[in-house]
Every structure is written in C-alpha cells, then in structure tokens.
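Each remark here refers to the structure printed beneath this line.
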Amino acid sequence: MDKSAFLNSIKKLKEVSPKREFTQSIDLIVNLKAIDLKKPEHKVDIFITLPYSKGKPVKICGLVGNELATQSKTVLDKTITNEEFKKYNEKKTIKKLASEFDFFVAQANLMAQIATVFGKTLGPRGKMPNPKAGCVVPGTAQLMPLKEKLQKTIHLQTKNEASIKASIGVEAMNDSDLSENAFSAVNSIIHVLPQEQSNIKSVILKTTMGPPVIVTEHGPKLKTEPDEKASKSEIRK
C-alpha cells in the first residue's frame, strides 16, 4: 500500500467518525496472518520514531542518580532519584506512577536497583525502561534530545494475538501528518515480519469511539463486522 491509500483512509475516517467532546486518538491496528507467535522470530517488538509527533504530550519519568538529577528535574515531567526509591515500597504507588507516565528513563548503573523496586509492576505493563527505545542512559546523557525523540516514539508489539495496535496521532492533526505516521508504522512492521507484506492480513484505522476503516489499495472500506483476529473488544482496548 502506498501513502495515498493511508491519506484517503484518514479522510474517510474523519468523515465517518462522530464528533465527541474530547479529542479522539487515531489508532492503527495491523492484523497478521501465517504467523506462529510461539516462534520468537515471528514476534514483533520494536520501537519506532514516527515522522511527526502524536499530537499530545508524552509524559516521561526519570529514575536517576545524582549525575542526572538536576537535568532530569528540568527536562522531564517527574524525577525520582535513587535516594527516593525507598518511598515506592507499595505496589499501588507504583501502579499509579505507571498509569501517569508513558515512558520511564533509567540511569544505566541503577538498572538492577530499578528492576528490584519497580520491575514487578512496570514490567507487565510494558513500562520498564527499555534500551530499544533509548530509555536506558549513562550518567552523562543529554536528556532533551531523548525527550524530543520520545514525543514521536511508539511501541509496536504482538502480545497474545497476531495483531498489533498503536496510537499514531489524534484527530486534530492534519491528514497528511497522520497518513505519514500510519504509513511509517506499517512499513516498519512489514520489514520485521518473516514474509513481509505476505504476513499482513489487514490494516485498520479508527478513532477512539468511531467505526473502523480498512486501508486497501482500492480505497478505504468501512468495517461493519469485527475481524476474527480483531474483535470489537480488542479494538477498543
């Protein structure tokens, strides 16, 4: 599929999605076929940098030592120093933290300590500082470039089903930027699949509360029935 297919689908999506009292996210769902998730080489787990931001600020928390504390407090949304880790001894406190922040940035020499204190709660939620996203940094790191990069970063991952879902923007963004983001994400997925394009079953775009639109080379198609691999409940997650 070329970029025009995504642009036409974004236009269609905005036409058929009822207006809400809040700004809706634009979600991308890629359903896969001929994939065996028991095989590690068939799983997708990548972070990519989109051409454009996702239209809303990404919240970042720093888990750092003295070397990065001052910079982190200036650049990031929240800073927890290693001296403050002991305050996070209750699971509910860390769960609240996980729900408030999109990314956690860790100072590399503290990772063992971070894993002990935060790992059991952040890990299952996919929020542990991840080197693939550039979120594990040395004590000499410059955090501003990382913050700017994370505003455009998304995690593309197969979990328990052969499908990938990610937010690629918000409805208030212009059509061209949204279509570029969607095209970039799908292209990145294709390149890590064992049979590339042949492993793509369908590509769907939808707003938070709107109907799904299938992206095809022959033009956008309104999806009226749930796909066997992407039920309505899955899409609304």
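This table checks each residue for (1) assigned by TED's automatic domain parsing to the domain that holds Pro138; (2) buried (at least 17 other Cβ atoms within 10 Å of the Cβ); (3) at pLDDT below 95.
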position	(1), (2), (3)
Leu7	no, yes, no
Ser17	no, yes, yes
Glu41	no, no, yes
Ile80	yes, yes, no
Matching residues, the range 108-157, being in contact with a helix residue (DSSP H, G or I) (Cβ under 9 Å, 6 or more places away or on another chain) and of a type in the set (Lys, Arg): Lys120, Arg125, Lys127, Lys147, Lys149, Lys152
Odd one out for Val75, checked against (1) surrounded by 12 or more Cβ atoms within 10 Å (Cβ to Cβ); (2) farther than 23 Å from Met144 by Cα: (2)
Selection count where residues are among the aliphatic types (A, V, I, L, M), part of a helix (DSSP H, G or I) and under 18 Å from Leu50 (Cβ atoms), scope the range 1-38: 4
Unique residue being within 18 Å of Ile60 (Cβ to Cβ) and among the hydrophobic types (A, V, I, L, M, F, W, C) when the list is Ala108, Ala172, Ala112, Ala162: Ala108
Some residue of the range 200-217 being of a type in the set (Lys, Arg) and over 26 Å from Pro57 (Cβ atoms): yes
Residue among Ala69, Ala112, Ala106 that alone is assigned to a strand (DSSP E or B) and outside the structural domain of Gly169 (by TED's automatic domain parsing): Ala106
Residue check, Asp45 surrounded by 13 or more Cβ atoms within 10 Å (Cβ to Cβ), outside the structural domain of Ser198 (by TED's automatic domain parsing) and among the acidic types (Asp, Glu): no
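The values are calculated or read from the model by the stated rules, or taken from the named source; none is laboratory data. Predicted model, so just to flag it, every value in this text is computed and none were measured. Note that each Cβ is placed from the backbone with ideal geometry, even for glycine, and that neighbours are counted across all protein chains shown.
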